[in-house]
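Notes follow once the structure below has been shown.
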Amino acid sequence: MRGRRAEGGLRRREEAGGAHRYRMREKLVSIGDDYWIEDAAGERAFKVDGKALRVRNTLIIQSREGQDLYRIQERMLRIKDTMEIERGGGGTAATIKKALITPLRDRWTVSIPGGEDWDVQGNILDHEYHIEAGRRERVAEVSKKWFRVRDTYGVDVEPGHDDALILAVTAAIDQMSHD
């Protein structure tokens, strides 16, 4: 997926030379609600649609134009907490699993079919964590320290990664950790 434009909003920012920051709200949406994810400048970037009347919790990440990019669905009857993210056009984009044993801090694994798995570590409940591929490659950082608005946190996505997928992973982890 790296090095090529992928469906789902991969934004190249060579001209900016750095990460792209998004502003998200804690407890992103209630099922049945809609919410806009904004960039650091306050511009609407992605829409989160919380589908009502479903057996499983479902969130849909859409482009600004309303195109379905990713669908997040909770997997029922699993030993570990698990959510699956599907591509808007079908097929699994990622599977998120919470670690059973977390002695020092929260830990999650994001399995990417055909790609390198991501590790999510830090204080998930306080929105202070990072996402890494492999052992050292930073994919994104999530933090409350960039915004002074209550119940708001930021997601910095490193260049060359699919912004919408990372935001979908962040939304899924937020849903799983606050249920």
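Data table
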| quantity | calculated |
| --- | --- |
| Total residues in region 115-147, condition at positive phi, outside any strand (DSSP E or B) and free of Cβ contacts under 8 Å to residues at least 60 places away in the same chain | 1 |
| Residue in region 115-133 that is loosely packed, with under 13 Cβ neighbours inside 10 Å and among the small types (Gly, Ala, Ser) present | no |
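Here's the yes/no breakdown for (1) over 26 Å from ASP151 (Cα atoms); (2) modelled with pLDDT under 90:
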site	(1), (2)
GLN67	yes, no
ILE85	no, no
LYS98	no, yes
ASP106	no, yes
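The values are calculated or read from the model by the stated rules, or taken from the named source; none is laboratory data. This structure is a prediction, so every number in the text was calculated from the model and none was measured. Neighbour counts run over all protein chains shown; Cβ positions are idealised from the backbone, glycine included.
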